[in-house]
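The values are calculated or read from the model by the stated rules, or taken from the named source; none is laboratory data. These numbers were taken from a predicted model, which means no experiment stands behind them. So basically every Cβ, Gly included, is an ideal-geometry build from the backbone, and we count neighbours across all protein chains shown. What goes into the accessible areas is simple: the full protein's heavy atoms, side chains included, and nothing from ligands, DNA or RNA. Shrake-Rupley method; radii C 1.70, N 1.55, O 1.52, S 1.80 Å.
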Amino acid sequence: IVLRSCRGLRIHDYLYFQVLSPGDIRYIFTATPAKDFGGIFHTRYEQIHLVPAEPSEACGELSNGFFIQDQIALVERGGCSFLSKTRVVQEHGGRAVIISDNAVDNDSFYVEMIQDSTQRTADIPALFLLGRDGYMIRRSLEQHGLPWAIISIPVNVTSIPTFELLQPPWTFW
């Protein structure tokens, strides 16, 4: 596993998404695409559901898999490989997966998601999200009693002059 500080990456090493709802986390979040598996975004989704997987590690059958179909799953690191999680979401019809670190205090180190040794593949995009960001999204949904967030992905931040102002306040640069 390779850890990289956000300062070591260039802007095109990232992919950005914006939470549109719930409003208390209406920020632009930064994620890193998997290094050697998964697809790319061919479409910009103006409004798509970000659905926390149940169980959160998504290493097998999902109890809320129906809600992940044609949406994006938010899963938690741990329990199985990044590729296994991506394949589970893909098998449930998900358009992409965002895997957040299971270290909820991680607010600066991006883990490089690489293939496992199984020779399997995945076609949907897989992104890594900081643990603090994943935790704050999940916490907001729980507080509001919501089954999912509504996001826009990917977001072109170079066209947003106030991009820095739209980042989560807990992100330190």
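Residues are listed down the side, and each one gets a yes or a no for (1) surrounded by fewer than 18 Cβ atoms within 10 Å (Cβ to Cβ); (2) at pLDDT 95 or above; (3) within 17 Å of Pro154 (Cβ to Cβ); (4) not β-branched (Val, Ile, Thr):
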{"position": "Ile1", "(1), (2), (3), (4)": "yes, no, no, no"}
{"position": "Leu9", "(1), (2), (3), (4)": "yes, no, yes, yes"}
{"position": "His12", "(1), (2), (3), (4)": "yes, no, yes, yes"}
{"position": "Phe17", "(1), (2), (3), (4)": "no, yes, yes, yes"}
{"position": "Pro22", "(1), (2), (3), (4)": "yes, yes, no, yes"}
{"position": "Ala34", "(1), (2), (3), (4)": "no, no, yes, yes"}
{"position": "Phe41", "(1), (2), (3), (4)": "yes, no, yes, yes"}
Reported set for the stretch 62-95 where residues are of a type in the set (Gly, Ala, Ser) and on the phi < 0 side of the Ramachandran plot is Ser63, Gly65, Ala73, Ser81, Ser84, Gly94
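Can you go through Leu141, Leu146, Leu166 and tell me which one is within 21 Å of Gln47 (Cα to Cα), open to solvent by less than 10 Å² (accessible area, probe 1.4 Å) and over 12 Å from the mean Cα position of the chain (by Cα)?
Working: Leu146 fails: open to solvent by less than 10 Å² (accessible area, probe 1.4 Å); Leu166 fails: open to solvent by less than 10 Å² (accessible area, probe 1.4 Å).
Within the list Leu141, Leu146, Leu166, the selection yields Leu141.
If you scan the stretch 128-138, which residues turn out to be assigned to a helix (DSSP H, G or I) and open to solvent by less than 50 Å² (accessible area, probe 1.4 Å)?
If we filter the stretch 128-138 for residues that are assigned to a helix (DSSP H, G or I), which is where we start, we get 131-138.
Across the stretch 128-138, the qualifying residues are Gly131, Asp133, Gly134, Met136, Ile137, Arg138.
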Flag for Ile151 being part of a strand (DSSP E or B) and of a type in the set (Val, Ile, Thr)
yes
